[in-house]
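Asks: Attaching a single structure in structure tokens format; questions to follow.
The values are calculated or read from the model by the stated rules, or taken from the named source; none is laboratory data. Here the structure is a predicted model, which is why all the values come from computation and not from measurement. Positions of Cβ are backbone-derived with ideal geometry, glycine not excepted, and every protein chain shown enters the neighbour counts. Remember, those area values only see protein heavy atoms, side chains included, never the ligands or the DNA or RNA. Shrake-Rupley method; radii C 1.70, N 1.55, O 1.52, S 1.80 Å.
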Amino acid sequence: MDNRYSGISSDGLWHNNIGFVQLLGLCPLLAVSSTVINALGLGLATLFVLVASNLSVSVIRNLVRPEIRIPAFMLIIASFVTAIDLAMNAWLYELHKVLGIFIPLIVTNCAILGRAEAFASRTTVDRAVLDGFMMGLGFMLVLVLLGGMREVIGQGTLLANAHLMFGSMAENWTITLIDDYRGFLLAILPPGAFLGLGLLIAVKNIIDDKVTRPVVVETTLATENS
Amino acid sequence: MLVTHMFRTAILLGLFAIIGTGLVALTFKYTEQPITESERKALLRSLHALIPPGSHDNDIFNDVLTVSNREYLGTDKAMRIFRARQQGRPVAVVIETVAPDGYSGNIFLLVAINQDGTLLGVRVGKHKETPGLGDVIEIERSDWVLGFTDKNLNNPGAPGWRVKKDGGEFDQFTGATITPRAVVKAVYRTLLFYQAQGDALFVEDK
């Protein structure tokens, strides 16, 4: 467990990314990433819950007894998700309607309970908050990337329905990349999401291979001499 | 010793529950007003979509008759009937109704009926139907609900007011029959309600 700020950040964004590596929270990830705006909405909500949950769990980590830690964590997470659901219903009404049941389903996102149990409950508040933020950012990255891919291939646009999140000034933010596009249905349906995520993971692994191979060689040489 | 330990642990968990619930209650209190306001705005948008503003000259949102009729409107709760008038003469109504037999419970509907008994349109409000399967009844997801426009009690006749699976004229969805079936039944019941009540619906509400 890397405890430096830089290690926590790189873990959350890349090396231990929730969507690319841990493969947690796939249900909302695949269901909601059909457009960039939907993905952004759920990503931000999850990010907020992760930060709030990690912060709370880390603050109470010495008060909660081991036997009740999981129920206590779940109580905290569920309370924050309910609060966020109400807040989105109040101030982002249209987006809340579109995302529908997937906002309360953030509670079932294993990544949140996972970070609380594996990290936030064992470390200082500042590290826990950073971890929550970076993990949330990493998850949002995957969501938005997948959302962009699926929106372009599926309906030929980017940032469609931006006004759901940014208000009436965003009504003409839609970038139509392909005019008169009949749409590729597979990309919008769940199987397309699975395929898309698989492709993204494959690309990430290729990048990892190319970047880390020199480091691996160095380590082997060092152990041979000792 | 063990008992005190268990006791303290239980109290601690109870404390967490109280704090968590407190947070939710606080958020509920602060969001109640904006939520009601947003729902009111959404209702207004639906009303304008169902009854074109040019066809009436009264304030349809405030020209309301409140009724309670479980047999026809699907619930004991007070349901609103919005009346549209042109120069004092009845033009159309929008009736709040409920389909209580949806897959996951109540489906709230707005049914707009022209003064001659023809459907002007139907819109779906709050519901808990399955995303991707049952929520196809929403106009944002598909055109299915537009299929009610211009229908009335004779078009189709009584046997036609069912989903195709039950021998009627209305499409059901792949993987979701219960939801459209419930909506079709509710719309039909609302048409019957309108026919039974007639002009009584346009009486000025005191």
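Asks: How about region A:147-166: which of its residues are open to solvent by less than 30 Å² (accessible area, probe 1.4 Å) and either on the phi > 0 side of the Ramachandran plot or in contact with a Pro (Cβ under 7 Å, 6 or more places away or on another chain) (or both)?
Replies: A:Gly156
Asks: Also: Show the residue pairs meeting these rules: Cβ distance below 6 Å; 6+ apart or different chains; first residue within region B:120-138 and at the interface with another protein chain (Cβ under 10 Å from one of its Cβ atoms); second residue among the charged types (D, E, K, R) and open to solvent by 60 Å² or more (accessible area, probe 1.4 Å).
Replies: B:Asp135/B:Arg141
Asks: Right, here's the next one. Check whether at least one residue in region A:104-121 is open to solvent by less than 70 Å² (accessible area, probe 1.4 Å), within 22 Å of B:Lys41 (Cβ to Cβ), touching an Asp or Glu at 6+ places or on another chain (Cβ under 7 Å) and not in a helix (DSSP H, G or I), and report yes or no.
Replies: no
Asks: Being hydrophobic (A, V, I, L, M, F, W, C) and away from chain A (no Cβ under 14 Å) narrows it down to one of B:Ile95, B:Ile11, B:Ile35, B:Ile19, so name that one.
Replies: Residue meeting the stated conditions: B:Ile95.
Asks: Within region A:129-146, is even one residue part of a loop (DSSP other than H, G, I, E, B) and either within 14 Å of another protein chain (Cβ to nearest Cβ) or surrounded by 19 or more Cβ atoms within 10 Å (Cβ to Cβ) (or both)?
Replies: No, because not a single residue in region A:129-146 is part of a loop (DSSP other than H, G, I, E, B) and either within 14 Å of another protein chain (Cβ to nearest Cβ) or surrounded by 19 or more Cβ atoms within 10 Å (Cβ to Cβ) (or both).
Asks: I'm told B:Ser38 meets every condition in (1) surrounded by 15 or more Cβ atoms within 10 Å (Cβ to Cβ); (2) under 22 Å from A:Ala83 (Cα atoms); (3) modelled with pLDDT of 90 or more; (4) polar (S, T, N, Q) except one. Can you identify the failing condition by its number?
Replies: Against the list (1) surrounded by 15 or more Cβ atoms within 10 Å (Cβ to Cβ); (2) under 22 Å from A:Ala83 (Cα atoms); (3) modelled with pLDDT of 90 or more; (4) polar (S, T, N, Q), B:Ser38 comes up short only on (3).
Asks: Give region B:22-32 a look and list any residue that's within 7 Å of another protein chain (Cβ to nearest Cβ) and either acidic (Asp, Glu) or closer than 13 Å to A:Tyr93 by Cβ (or both), or say none.
Replies: B:Thr31
Asks: State yes or no: is A:Ser58 open to solvent by less than 20 Å² (accessible area, probe 1.4 Å) and among the hydroxyl-bearing types (Ser, Thr, Tyr)?
Replies: Spelling it out, A:Ser58 is indeed open to solvent by less than 20 Å² (accessible area, probe 1.4 Å) and among the hydroxyl-bearing types (Ser, Thr, Tyr).
Asks: Restricting to region B:168-206, name every residue that is open to solvent by 30 Å² or more (accessible area, probe 1.4 Å), at pLDDT 90 or above and either of a type in the set (Ser, Thr, Tyr) or at positive phi (or both).
Replies: Residue satisfying the conditions is B:Tyr188 alone.
Asks: Taking region A:83-117 as the search range and keeping residues that are acidic (Asp, Glu) and within 11 Å of another protein chain (Cβ to nearest Cβ), which one is farthest from the chain's Cα centre (by Cα)?
Replies: The residue in question is A:Glu94.
Asks: Looking at (1) touching a residue at least 40 places away in the same chain (Cβ under 8 Å); (2) closer than 27 Å to B:Gln33 by Cβ; (3) assigned to a helix (DSSP H, G or I); (4) open to solvent by 60 Å² or more (accessible area, probe 1.4 Å), can you tell me which one A:Leu95 breaks?
Replies: (4)
Asks: Given the structure, is B:Phe82 within 24 Å of B:Val203 (Cβ to Cβ) and either part of a strand (DSSP E or B) or open to solvent by less than 80 Å² (accessible area, probe 1.4 Å) (or both)?
Replies: yes
Asks: I've got another one for you. Any idea which of (1) open to solvent by 50 Å² or more (accessible area, probe 1.4 Å); (2) touching a helix residue (DSSP H, G or I) at 6+ places or on another chain (Cβ under 9 Å) is the one A:Ser6 doesn't satisfy?
Replies: With (1) open to solvent by 50 Å² or more (accessible area, probe 1.4 Å); (2) touching a helix residue (DSSP H, G or I) at 6+ places or on another chain (Cβ under 9 Å) applied to A:Ser6, the lone miss is (2).
Asks: Residues being closer than 17 Å to B:Thr177 by Cα and either charged (D, E, K, R) or surrounded by 19 or more Cβ atoms within 10 Å (Cβ to Cβ) (or both): count how many of those fall in region B:149-164.
Replies: Adding up the residues that qualify gives 4.
Asks: Another one. How about region A:44-71: which of its residues are facing another protein chain (nearest Cβ under 9 Å) and either closer than 22 Å to B:Phe28 by Cβ or in contact (Cβ under 8 Å) with a residue 40 or more places away in the chain (or both)?
Replies: Within region A:44-71, A:Val64 is the sole residue that qualifies.
Asks: Inside region A:153-168, can you point out the residues that are touching a helix residue (DSSP H, G or I) at 6+ places or on another chain (Cβ under 8 Å) and either assigned to a helix (DSSP H, G or I) or of a type outside the set (A, V, I, L, M) (or both)?
Replies: A:Ile153, A:Gly154, A:Gln155, A:Thr157, A:Asn161, A:His163, A:Leu164, A:Met165
Asks: Sort through B:Lys77, B:Lys41 and tell me the only one that's among the basic types (Lys, Arg), assigned to a helix (DSSP H, G or I) and free of Cβ contacts under 8 Å to residues at least 60 places away in the same chain.
Replies: B:Lys41
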